[in-house]
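A quick write-up on the structure given underneath.
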Amino acid sequence: MIERLVEQIEARFAELERQMSDPAVIADQQRYAEVGREYRQLEPAHELAAKWRTLKDDLEGARELLREDGDDPELRALVAEAPKRLEELEEAIRLAMVERDPNDDKNVIVEIRAGAGGDEAAIFAGDLFKMLTRYAADRGFATEVLSQSPADAGGFKEVTFSVKGDGAYSVFKYEGGTHRVQRVPKTESQGRIHTSTATVAVLPEAEEVEVEIDPNDLQIDVYRSSGPGGQSVNTTDSAVRITHLPTGIVVTCQDEKSQHKNKAKALKVLRSRLLDRKLAEQEAERARERKLQVGTGDRSAKIRTYNFPQGRVTDHRIGLTLYRLQEILDGDLDELITALKLAREAERLESANVA
C-alpha cells in the first residue's frame, strides 16, 4: 500500500514540475497559481517519500550484503534500526497526504471586535491585538493595520489588520473565535472579578482570481475622516465605505489620507470577507457530514479563557490549561498553536481513515 502511495506522489510531483515549466501554463495566471500552490503543498510529502525510498533501498542492500558477509556491525545496525524508521516515515507520508487546508499558505486579515463587557471588553480587544501582532513579529511576519476604531477608555471597539508571511493562515486560523477574559478591572473599586469577551475573525486573504466582484454590486460612499471624539483629521472626503449589495457586507476604511488607498484597502477586506463567507458555507456542509473536533469555524463558540487571578489560560477546544498567562499575552503562542495543530492532524487522519 505504501509503495503505491509513494509512486503516486512521485508521479504527481513530476507532472507538476513539468507543468510549471510549460509555457501554456505559465501564460495562464490562474492556472499557474493553482499548479504552484499544489506543488508547494505536495513538496513535503515528496521529500518524505524520497527519504522512505532511499532508506528502503539501503535496507534491502544491507540485508543482501549480510547474507554474503554477516559480520559487518554497521550493516547489522542498519537492519535493526531501519524498519522502525520506515514505519515512522510511512505514518508521516500518510499524514502529509491527508487533505490539508488549501488556504494554509495564504496571508490573513484579522478582525478583532470588543464583545460583552463595555470598556473592559475594548481594553481586552487591545490586549488581543498586541498579543497577535507580537506573535506575528516573532514569526517574522509583517503586519499592517487596515482600519481601527479606538475606544475612549483604551483598546479598540474594533481593529482590522493584515498579516503577511509564508503560512500565516496555517497558524493564525486557530485564533478565530470568542476569547474571554476574567479579571478585576482598574475601575473596579470593590475588587470584583469581571468577565468580558472579544471576538477574533481570521480571514484568508483572497486572491483576485478566487473572488470576482461585480462593480455593479457595490455601493461606494465617500466621506470626511474623523478621529476619536469626532474631531476632523482630514479636510477632504477621503474615507470610503463600501457596501456589497447582494450580501449586505459593509467595509469602511479611513486610515489613509488618500481616497484611492482607502478604497483599495476596503476592497481587500471585502474580498477576504466574501471568501470567508464562501468557506464558512462549505465548512458548514462538511460539519453536517462529520463532527469536527477542532476548528469548526463557529465563531460564536468560546475558544479560550484568560483568567488573571489564577494566571492561567485555558483553550476549551482541546481542554489545555497553561499557567503562563503573561507570556501568552506577550505573544508566546507556540505551545498553544502546536497543541491545536496536533489535535487537528489527529482528527484529520481519523476522519480520512487513511490506511
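Brief remarks on what is shown
- Dipole orientation for segment 2-97: of the candidates ALA27, VAL6, ALA50, ALA27 has the Cα lying most toward the positive pole (charges on Cβ; Lys, Arg +1; Asp, Glu -1).
- The charge dipole of segment 1-138, taken about its Cα centre with unit charges on the Cβ atoms of Lys, Arg (+1), Asp and Glu (-1) only, comes to about 500 debye.
- Cβ-based net charge around GLY331, under 10 Å, with every Lys or Arg adding one and every Asp or Glu removing one: -2
- Between the Cα long axis of helix 73-97 and the first principal axis of the chain there is an angle of about 40°, rounded to the nearest 10.
- Environment charge of ARG67, counting only residues whose C-beta is closer than 14 Å and scoring Lys/Arg +1, Asp/Glu -1: -4
- Temperature 25 °C, viscosity 0.890 mPa s: under these conditions the Stokes-Einstein estimate for the chain, based on its Kirkwood radius over C-alpha pairs, is 104 µm² per second.
- Projecting the Cα atoms of GLY177, HIS194, ALA114 onto the charge dipole of segment 107-224, computed from C-beta unit charges around the Cα centre, puts HIS194 farthest toward the positive end.
- Whole-percent P(r), segment 1-136, all Cα pairs, 10 Å bins from 0: 10, 24, 20, 18, 16, 9, 3, 1.
- Degrees separating the helix 29-68 axis from the principal Cα axis of the chain, which is the longest one: 30 degrees
- Acute angle (nearest 10 degrees) that the helix 259-289 long axis makes with the longest principal axis of the chain, alpha-carbon atoms: 50 degrees
- Charge dipole (debye, nearest 20) of the chain; +1 at Cβ of Lys and Arg, -1 at Cβ of Asp and Glu: 1960 debye
Quick note: the coordinates plus some simple rules give every number you see, no bench work behind them. A quick note: this is a predicted structure, and the numbers were derived from the prediction, not measured. As a convention, Cβ positions derive from the backbone with ideal geometry for all residues, glycine included, and neighbour counts pool all protein chains shown.
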